[in-house]
Amino acid sequence: MPDARAALGKGAPAGATMKRFRDRRHVPYGAAEMFKLVGDVESYPKFVPLCEGMRVRRRTPLGDGIEIVVAEMQVGFKAICERYTSRVTCDAPKLEVRVEYLDGPFKRLESLWTFRDEPPTAPGGKRSCIDFFITYEFKSVALGLLMGAMFDAAFHKYAQAFVDRAGKVYGRAEGGAQPLVERS
C-alpha cells in the first residue's frame with residue numbers, strides 16, 4: 001500500500017506545530033461496510049469523539065461511485081467550541097475517504113481513510129484492514145496549545161470509534177474477534 005502521506009499529495013516537511021497520526025486496524029468487518037460508516041458524516045455526532053454537530057452544506061455525486069460532501073463540523077470540549085468546514089471525497093471504487101480542510105481554526109487539516117478486505121479468520125466471516133492518517137496544524141499557536149492535547153487524544157480514538165460503531169450497526173463479529181492495532 002502506498003504511504004498515506006504521499007497519497008495526500010503533500011511532501012513538505014512538518015513544522016514544529018504540525019501533528020501527524022496514523023492508525024491501522026485489522027477488524028472483523030468488510031471493507032465496504034467500514035467505508036460506508038466513515039462516509040456517513042451525518043451520523044458522526046452520535047459516536048465520533050469531540051463531534052458535537054455536523055451540517056452537510058453540499059453533496060455532489062460525480063458518478064462512478066465517487067461523491068463529494070462539503071460539511072461543517074462542530075467540535076468541542078467543555079467551554080471550548082470550534083467549527084470547521086471540510087471537503088470529504090468518498091471514492092467507493094478505491095474504498096477511500098479523503099478529507100480536505102476548507103475553513104476554520106486550522107492552518108491545515110487533511111485525513112485519509114483506506115479500506116482493504118483481507119482473508120477472514122473463520123469460515124463465512126469478514127475481515128478488513130482500515131488505515132487512518134491525519135495531519136493538522138492550528139492557525140493560532142495559542143489555540144494549538146489550548147486544544148492540541150484534546151485533539152491528539154480524540155484522533156487516537158477515532159478508528160476505535162468507527163469499529164465500535166460497526167458493532168452497533170452490523171452486529172458483533174462471529175467469534176468475538178478483537179481488532180489488531182498498529183500505530184505510528
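A short reminder: the numbers here are calculations on the coordinates, not readings from a lab. From a predicted model like this one, the values you see are computed outputs, not experimental measurements. Positions of Cβ are generated from backbone atoms using ideal geometry, with glycine treated the same way; all protein chains shown enter the neighbour counts.
Listed values for segment 83-89 are Karplus-derived 3J(HN,Hα) couplings in whole Hz (6.51 cos²θ - 1.76 cosθ + 1.60, θ = phi - 60°), namely 10, 9, 10, 9, 9, 10, 9, and x replaces Gly and Pro.
Farthest toward the positive end of the dipole of segment 19-183, out of T135, T85, F151, is the Cα of F151, where the dipole comes from beta carbon charges about the Cα centre.
Each residue of segment 150-165 was assigned a 3J(HN,Hα) from its phi angle through the Karplus curve 6.51 cos²θ - 1.76 cosθ + 1.60 (θ = phi - 60°); the sequence is 5, 5, 4, 5, 5, 5, 5, 9, 4, 4, 5, 4, 6, 5, 4, 5 Hz, with glycine and proline shown as x. Values of log10 I(q)/I(0) for segment 19-183 across q = 0.13, 0.14 Å⁻¹ run -0.63, -0.73, by the Debye formula with one identical scatterer at each alpha carbon and no solvent. Using a cut-off of 24 Å between Cα atoms, the listed pairs K36/K94; K19/K94; K19/K126; K107/K168; K46/K157 include K19/K94; K19/K126; K107/K168 as exceeding that distance.
In summary, segment 41-102 shows an alpha-carbon radius of gyration equal to 1.20 times the 2.2 N^0.38 Å reference for compact globular proteins.
Provide the net charge surrounding D117, with neighbours chosen by a C-beta distance below 15 Å and charges set as Lys +1, Arg +1, Asp -1, Glu -1. Mind showing how you got there, number by number?
Details: positive: R24, R25, K36, K94, R116, K126, R127; negative: E33, E96, E118, D131.
Neighbourhood net charge equals +3.
Neighbouring Cβ atoms within 10 Å as the yardstick, rank T17, T135 fewest first.
Working: T17 15, T135 19.
So the residues, fewest neighbours to most, are T17, T135.
What does the charge count around T89 come to, taking other residues whose C-beta lies under 12 Å from its C-beta (Lys +1, Arg +1, Asp -1, Glu -1)? Let's see the in-between values first.
Details: positive: R59, R87, K94, R98; negative: E67, D91, E96, E100, E110.
Around T89, the charge tally is -1.
Nothing charged except the Cβ atoms of Lys and Arg (+1) and of Asp and Glu (-1): what's the magnitude of the dipole of segment 19-183 about its Cα centre? Round to the nearest 20 debye. Write down the numbers at each step before the final one.
On the way: 27 positive and 22 negative charges, 60 e Å.
Approximately 280 debye in magnitude.
The ranking of I134, I68, I80 by Cβ neighbour count inside 10 Å, starting from the fewest, reads I80, I68, I134.
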